[in-house]
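Structure, as C-alpha cells:
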Amino acid sequence: MKLLHFDHIVLTTSHLEECIHFYRDILDMKVVEEKGRYSLLFGSCKINIHRRPGEFQPAAAYPVSGSIDLCLITDTPMEQVLVELKAKSAPLVTGIVDRHGARGPMKSLYLRDPDGNLIEIARYVKQDSAPFPFAANDEELADE
C-alpha cells in the first residue's frame, strides 16, 4: 500500500458560528453548507465541521473540540500573512518563528480558533519547489 495524502479532516466545534467566522473571515476559507452539514474548503483540502462528538459514524473514538493542532501551508510571504491577521484582530499565539515541516525548513506563526485548536500557518523557506506539499512519487522527494 502507498498512501499519498490527506483528503479531509474533521473538526469538532462547540461554537459553530464563531468557528465559521474564524475560518471564513480570518483564514479566507470557503464555507459550504449542505443539509445542515458544514465544510471548509481551501486549495485542494477540506475540513468537515461536526457540532458534537461522533455526529456522523464511524467517527474518532474520543472526538473533543479544541484538540486539533493543524498546520496550513501558504505561498504568501509570512510578513504579509502577519500583517493581514493583525488587521483582522486574529487571536495570535506567536509571531513568525522557525520550524521544520514535512518538506524542510519553514517560517510559521500560530493562532487559536474559537474552540482552542492550535492553527499553524507556514511557508516553506525554499520556494523553488512545488507549493503543493505532496509529491507524485518518491523520486520527487529524493531530489529536494
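Derivation of every value follows stated rules applied to the coordinates shown; laboratory data play no part. Predicted, not measured: the structure shown is a model, and the values here were computed from it. Don't worry about glycine lacking a Cβ; one is built from the backbone with ideal geometry, like all the others, and counts go over all protein chains shown.
Helical content alone sets the calculated 222 nm signal of the chain at -3500 deg cm²/dmol, taking -39,500 (n - 2.57) per DSSP H segment of four or more residues and averaging over every residue.
For Cα pairs less than 8 Å apart in space and 6+ apart in sequence, what is the mean separation divided by the residue count of the stretch 8-142, i.e. the relative contact order in percent?
Values: 214 pairs, mean separation 29.5, N = 135.
The value is 22 percent.
Here the chain is treated as a Stokes sphere of Kirkwood radius computed over C-alpha pairs; at 37 °C and 0.692 mPa s its diffusion coefficient rounds to 199 µm²/s. Fully extending the segment from residue 32 to residue 71, taken as 0.36 nm per residue of separation minus the present Cα-Cα distance, adds 11.9 nm.
Taking the Cα centre of the stretch 1-124 as reference, the dipole from Cβ charges on Lys and Arg (+1) and Asp and Glu (-1) amounts to some 240 debye. Close Lys pairs in the stretch 8-142, defined as Cα atoms under 26 Å apart and 8 or more places apart or on different chains, number 13.
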